[in-house]
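Read the structure below first, then the notes.
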Amino acid sequence: MNGPLDGTLVLDLSRVLAGPWASQSLADMGARVIKVERPGRGDDTRSWGPPYLESGDSRESAYFLSANRGKESVAINFKDPRGQAILRELARKADILIENYKVGGLSAYGLDYDSIRKINPAIVYCSISGFGQSGPYADKPGYDFMIQAISGLMSITGTEQPTKVGVAVSDLITGLYASVGILGAYTRARETGQGEFIDVSLLDSQLAALANQASNYLVSGKSPGLAGNAHPNIVPYQVFKTADEAIVVAVGNDRQFAALCRVIDRAELATDPRFLLNSDRVSNRDALVPLVAAELASKPADYWLPRLEAGSIPSGPVNTIAEALNDPHVSARQTVMQMQRDDLGKVPGLRSPVRFRNCEVEHHRAPPRLGDSTWAVLREIGLPDAEIEALATAGVIAGESP
């Protein structure tokens with residue numbers, strides 16, 4: 001059985017990460033995604049390297065490969081009226097359109113929501129921006145790093161100074177929120193024929209994802225600070241050093257705490273009034289953590305991890321990315337996969353974490369070459385080869401002719 005979004009057409013005008021992450025999520029569920037790129041250069045992330053995957057004269061950045069599987073690429077200059085006409089025709093046929101240009105930036109080309117809905121009232125049109133379509137910051141550009149800073153995320157990340165997360169988490173969260181909103185609007189559009197305009201911003205998304213930390217402030221009036229690898233609301237729930245390597249111990253309830261105390265041969269701590277309940281342990285964090293740390297530091301990780309697991313205490317090693325991707329469990333889940341592209345050969349990637357039981361989505365389409373589908377898509381909308389050739393000669397489109 002095909003994926004749940006089989007037969008759905010997505011026109012993707014987005015670049016870099018948040019928008020492409022959303023469209024890749026839709027492609028993973030079987031949607032057909034047509035990625036619109038600039039002739040000659042394409043998505044900025046094609047050049048964001050090293051590292052690059054290279055074969056002969058072809059190369060593609062690892063960054064681009066991470067966010068664009070399952071898509072077709074068309075290279076169209078929509079600053080040219082002829083390019084605008086092509087995109088309007090594609091939008092007329094599309095179910096979903098995603099863009100992340102400057103607020104109001106597409107109106108000059110007749111590609112904004114109000115223009116597109118006149119020719120396709122059922123379209124679900126998602127605009128992704130740094131700060132949203134309204135408010136005093138609406139016209140500012142938004143990049144993941146600055147959003148991590150402005151949102152307060154960096155103020156609670158790190159040990160000695162505010163630190164950004166190791167991946168562009170604000171972009172990724174925004175892409176996921178966008179895909180959720182798109183699917184909600186698309187469900188209604190299929191039932192009613194009424195489309196929707198969706199406004200998703202990096203700042204709103206990252207603020208929402210502050211979750212309990214935002215709630216901690218809203219309830220207490222106190223802004224959380226740097227907690228390093230500890231948890232603000234649960235103790236002990238952090239990184240501990242063993243005799244050789246660091247491990248994580250994540251005690252989530254009182255039963256698990258009692259089990260931890262038995263494993264480290266300090267059973268009396270579980271009945272100590274200072275540590276009896278989680279709220280007690282949070283209040284007496286500075287007294288408890290050194291006691292646990294001293295015991296764990298006495299023996300190596302390989303000693304503790306099996307015993308912690310046997311005691312049903314959530315724990316694990318602090319892996320490198322190489323160790324994580326080569327873990328036997330990850331291998332058994334076939335999370336790392338190989339796709340094929342004519343010019344590059346095998347293209348490594350990660351499978352979608354969303355697994356369906358009753359339908360199998362095949363991740364067979366590697367991230368595309370720039371303009372790999374330009375001719376095929378333009379033929380689909382009825383342009384004769386002579387006209388396509390003329391557009392290519394004029395620089396309105398790019399891509400190898402079949």
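A short reminder: the numbers here are calculations on the coordinates, not readings from a lab. Fair warning: this is a prediction, and the values are worked out from it, not measured in the lab. Virtual Cβ from ideal backbone geometry, glycine too; neighbours counted across all protein chains shown.
The stretch 138-172 and the stretch 86-109 have Cα centres spaced 29 Å apart.
Taking loop as defined by DSSP and a crowding limit of 11 other beta carbons within 10 Å, which trypsin sites (Lys or Arg not before Pro) in the stretch 1-95 fit?
Values: sites: 15, 32, 35, 41, 46, 59, 69, 71, 79, 82, 88, 92, 93; in loops: 15, 41, 69, 79.
Hits after loop and neighbour filter: 79.
For residue 372, the residues whose amide H sits under 5 Å from its own are 73, ignoring neighbours fewer than 5 places away on the same chain, with H placed 1.01 Å from N. Sparse packing (at most 14 other Cβ atoms within 10 Å of the Cβ) combined with a DSSP loop state is found for the following trypsin sites (Lys or Arg not before Pro) in the stretch 301-402: 333, 355, 357.
Distance from the alpha carbon centroid of the stretch 211-268 to that of the stretch 288-312 works out to 14 angstrom.
Normalised by the number of residues in the stretch 111-191, what is the relative contact order in percent for Cα pairs under 8 Å and 6+ residues apart? Numbers along the way, then the final one.
Numbers: 53 pairs, mean separation 21.1, N = 81.
Relative contact order comes out at 26 percent.
What FRET efficiency, computed as 1/(1 + (r/R0)^6) with R0 = 45 Å and r the Cβ-Cβ distance, is obtained for residue 376 and residue 302, rounded to the nearest 0.05? Let's see the in-between values first.
Details: r = 55 Å, r/R0 = 1.22.
Calculated value: 0.25.
Within a straight-line Cα-Cα reach of under 12 Å, residue 93 can be paired with the following aspartates and glutamates, leaving aside sequence neighbours fewer than 8 residues apart in one chain: 380. Going by alpha carbons, how many degrees (0 to 90, nearest 10) lie between the helix axis of 211-220 and the longest principal axis of the chain? With both axes taken from Cα atoms, the answer is about 60 degrees.
Mean sequence separation of contacting Cα pairs (under 8 Å, at least six apart), scaled by the length of the chain, corresponds to a relative contact order of 19 percent. Listed from fewest to most Cβ neighbours within 10 Å, the set 101, 186, 113 follows the order 101, 113, 186. For the chain, the residue among 338, 218, 20 whose Cα projects farthest onto the positive side of the dipole built from Cβ charges is 218. Model label points for residue 330 and residue 227, set 7 angstrom from Cα along the Cα-to-Cβ axis, are 2.6 nm apart.
Sequence-distant contacts, meaning Cα pairs under 8 Å at least 6 residues apart, place the relative contact order of the stretch 31-87 at 41 percent.
Listed values for the stretch 242-249 are Karplus-derived 3J(HN,Hα) couplings in whole Hz (6.51 cos²θ - 1.76 cosθ + 1.60, θ = phi - 60°), namely 9, 5, 10, 10, 7, 9, 9, 10, and x replaces Gly and Pro.
When the charge dipole of the chain is built from unit charges on Cβ atoms (+1 for Lys and Arg, -1 for Asp and Glu) and taken about the Cα centre, the candidate among 271, 124, 208 whose Cα reaches farthest toward its positive end is 271.
Note that the stretch 227-234 has calculated 3J(HN,Hα) couplings of 10, x, 9, 9, 9, x, 10, 9 Hz, one per residue in order, obtained from phi through the Karplus relation 6.51 cos²θ - 1.76 cosθ + 1.60 (θ = phi - 60°); glycine and proline are x.
Of 197, 78, 275, how do they rank once you tally other Cβ atoms within 10 Å and put the fewest first? If you can, show how the numbers build up before the last one.
Working: 197 16, 78 20, 275 25.
Ranking 197, 78, 275 by Cβ neighbours within 10 Å, fewest first, gives 197, 78, 275.
Could you give the length gained by full extension between residue 102 and residue 343, i.e. 0.36 nm per residue of separation minus their alpha carbon distance, to one decimal place? Working shown, then result.
Working: separation 241, 0.36 × 241 = 86.76 nm, distance 3.37 nm.
Full extension from residue 102 to residue 343 adds 83.4 nm.
Extension gain, residue 6-residue 160: 0.36 nm per intervening residue step, less the Cα-Cα distance, totals 50.6 nm. Would you mind counting up the charge near residue 23? Only other residues with Cβ under 9 Å from its Cβ, with Lys and Arg at +1 and Asp and Glu at -1. Net charge in that neighbourhood comes out at +1.
Relative to the Cα centre, the charge distribution of the stretch 237-324, modelled as +1 at Lys and Arg Cβ and -1 at Asp and Glu Cβ, gives a dipole magnitude of about 180 debye. Taking other Cβ atoms within 10 Å as a rough exposure proxy, 264, 182 sort from fewest to most as 264, 182.
Distance between the pseudo-spin-label points of residue 122 and residue 44 (7 Å out from Cα toward the beta carbon): 3.6 nm.
A full extension of the chain between residue 149 and residue 191 corresponds to an added length of 11.0 nm, given 0.36 nm per residue minus the alpha carbon distance. When +1 charges are put on Lys and Arg Cβ atoms and -1 charges on Asp and Glu Cβ atoms, the dipole computed for the chain relative to its Cα centre reaches about 500 debye. Note on residue 59 and residue 115: with the Förster distance fixed at 45 Å, the Cβ-Cβ geometry gives a FRET efficiency of about 0.75.
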